[in-house]
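Worksheet: one structure, shown below.
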Amino acid sequence: MSDHHQELSRQTVERFMDSLDDAAREHISAAQFEDLQQMIQHLLSQERSHIADLMAAFARTLRSGVEKPEIDL
């Protein structure tokens, strides 16, 4: 997991916690907030992997469309 993903997930959970009123926050444990943060990190990693796969496929498509010079030996 990248440090960037950890920071983004931490910020997201903090913003979520700040959006809750005190009564709602009392019903959610610190462990549950940590689970939420880990779920967010996992999803960010999955998205990053998906984007990398798309970029690789795009690169293959571009390479296949490039004319390759013929070498006459």
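Details
- Of R60, R10, R15, all but one fail to be surrounded by 13 or more Cβ atoms within 10 Å (Cβ to Cβ) and of a type in the set (K, R); the exception is R10.
- Just one of the listed residues (I71, I28) is exposed (fewer than 10 other Cβ atoms within 10 Å of the Cβ), β-branched (V, I, T), without any contact (Cβ under 8 Å) to a residue 60 or more places away in the chain and outside any helix (DSSP H, G or I), namely I71.
- Yes/no for F33 being aromatic (F, W, Y), at pLDDT below 95, surrounded by 10 or more Cβ atoms within 10 Å (Cβ to Cβ) and in a helix (DSSP H, G or I): no
The values are calculated or read from the model by the stated rules, or taken from the named source; none is laboratory data. Keep in mind the model is a prediction, meaning the values are calculated, not measured. FYI the Cβ positions are ideal-geometry reconstructions off the backbone, even for glycines, and counts take in every protein chain you see.
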